[in-house]
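Notes to accompany the following structure.
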Amino acid sequence: MTTRAIHDCPVAACTRMVPSVDLLMCAQCWRRVPAELQAAVWHAWNRGLPPDLGALLDAQQAAIAAVDASDAARAARRAARGSAPESGVVRDAAGAIVRGPSLPCGCPLDSGCDGRHLWGTP
């Protein structure tokens, strides 16, 4: 019988929940794990038999590290292109925030704007 419980995805940048203790991480992150590491996790898990805990832990940590490394590489590429990782935040050369996050119309998030000015209604 499978034990159902919800836990956090162990990938550092992920905020999703995992629907079962039988799953290492959320499906979106699992798809980003290289196939050879996925196979290593499944082999060490040894479904139905007592797992080799040392091999299982090593395989799980390698899978999590692979996704974390992918996220770090993506962030580095964004930084190299000069785009800020925070949505809508613009920084000057010194790193100070010049313009904060805004609504699609350009109004600040805390302005209380409902977008009516986009259609000419007050």
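The values are calculated or read from the model by the stated rules, or taken from the named source; none is laboratory data. Predicted model only: the values in this text are computed from it and were never measured. Virtual Cβ from ideal backbone geometry, glycine too; neighbours counted across all protein chains shown.
Of the candidates Leu118, Leu24, the single residue that is hydrophobic (A, V, I, L, M, F, W, C) and at pLDDT below 90 is Leu118. For the range 36-47, a residue qualifies if it is among the small types (Gly, Ala, Ser) and in contact (Cβ under 8 Å) with a residue 12 or more places away in the chain, and the qualifying residues are Ala40, Ala44. Pairing each residue of the range 13-35 that is part of a helix (DSSP H, G or I) with any residue that is surrounded by fewer than 19 Cβ atoms within 10 Å (Cβ to Cβ) and of a type in the set (S, T, N, Q), provided the two are 6+ apart or on different chains, yields C-beta distances under 9 Å for Trp30/Gln38.
Number of residues in the range 48-83 that are without any contact (Cβ under 8 Å) to a residue 12 or more places away in the chain, in a helix (DSSP H, G or I) and charged (D, E, K, R) equals 4.
Only one of (1) exposed (fewer than 12 other Cβ atoms within 10 Å of the Cβ); (2) at pLDDT below 90; (3) aliphatic (A, V, I, L, M) fails for Ala69. Which number is that? The single condition Ala69 does not satisfy is (2).
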